[in-house]
Amino acid sequence: MDDLELHSVAQGSFAAVLGDVREEHWGLATPASDWDVAALIAHVVGGERMATALLDGGSVDDARAAITAPLEPSEALTAFASACEDSKQRFAAPGALERVVHHPMGDFPGAQLLGFRIADLTLHGWDLSRAIGTDDTINPDLVAAVWSQLEPLSPFIDQIGVFGMGPSGEVPDDADLQRRLLDLSGRRP
């Protein structure tokens, strides 16, 4: 499965969990730092919007504006679907994966941005599942893809600032890959 397909799978996985979110869930805490369900969903929708803005040639300021735009809970499903369709089209455009984007973390090719989106959707889909109490099993293809992206960062992942304290050092090497990925990304199921 290539990264464009993985992105689509990650979007679909997040959408499935998002479809289970009810009004009473919006204020629940999530495993993702200090975010509640509403903030986590706004971040993920904003991430897809940011990818579109960057692939359209947007600046760092455009990216920040896209990822921090407010989101009304009543608009979450339609906003996510629209943001996903837009980003999917942009990533699939000729040359998009080679195009340098001006992300707040620095300049890099669209292929790296695509990897970020796959990881963000995958990990935050798990966060959302945990917060609302639904099945938190991650698609094995997504687990493998995100693991291969993050594992090389393990010696210093805790210093990046987006993965909590990084790996706990308590998960054995023979644990299932989802558990190892979650631990690596600072999540303690």
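Readers should treat all values here as calculations from the given coordinates under stated rules, not as data from a laboratory. Since this is a predicted model, take the numbers as computed values, not measurements. Glycine also receives a Cβ, built like all others from the backbone with ideal geometry; neighbour counts cover every protein chain displayed.
Quick notes on this one:
- Looking across the stretch 175-189, the residues that are of a type in the set (Lys, Arg) and part of a loop (DSSP other than H, G, I, E, B) come down to 187, 188.
- Among (1) more than 30 Å from residue 58 (Cβ to Cβ); (2) under 15 Å from the mean Cα position of the chain (by Cα); (3) without any contact (Cβ under 8 Å) to a residue 24 or more places away in the chain - the single one residue 179 does not satisfy: (2)
- Taking the criterion of being loosely packed, with under 15 Cβ neighbours inside 10 Å and not β-branched (Val, Ile, Thr), the residues of the stretch 119-140 that qualify are 133, 135, 140.
This table checks each residue for (1) closer than 27 Å to residue 19 by Cα; (2) part of a helix (DSSP H, G or I); (3) touching a strand residue (DSSP E or B) at 6+ places or on another chain (Cβ under 6 Å).
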| position | (1), (2), (3) |
| --- | --- |
| 136 | yes, no, no |
| 142 | yes, yes, no |
| 145 | yes, yes, no |
| 151 | no, yes, no |
| 161 | no, no, no |
| 168 | no, no, no |
| 173 | no, no, no |
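- Residue within the stretch 9-27 that is in contact with a strand residue (DSSP E or B) (Cβ under 6 Å, 6 or more places away or on another chain), of a type in the set (Gly, Ala, Ser) and farther than 21 Å from residue 139 by Cβ present: yes
- Matching option when the condition is of a type in the set (S, T, N, Q), touching a helix residue (DSSP H, G or I) at 6+ places or on another chain (Cβ under 7 Å) and farther than 14 Å from residue 133 by Cα, among 30, 52: 52
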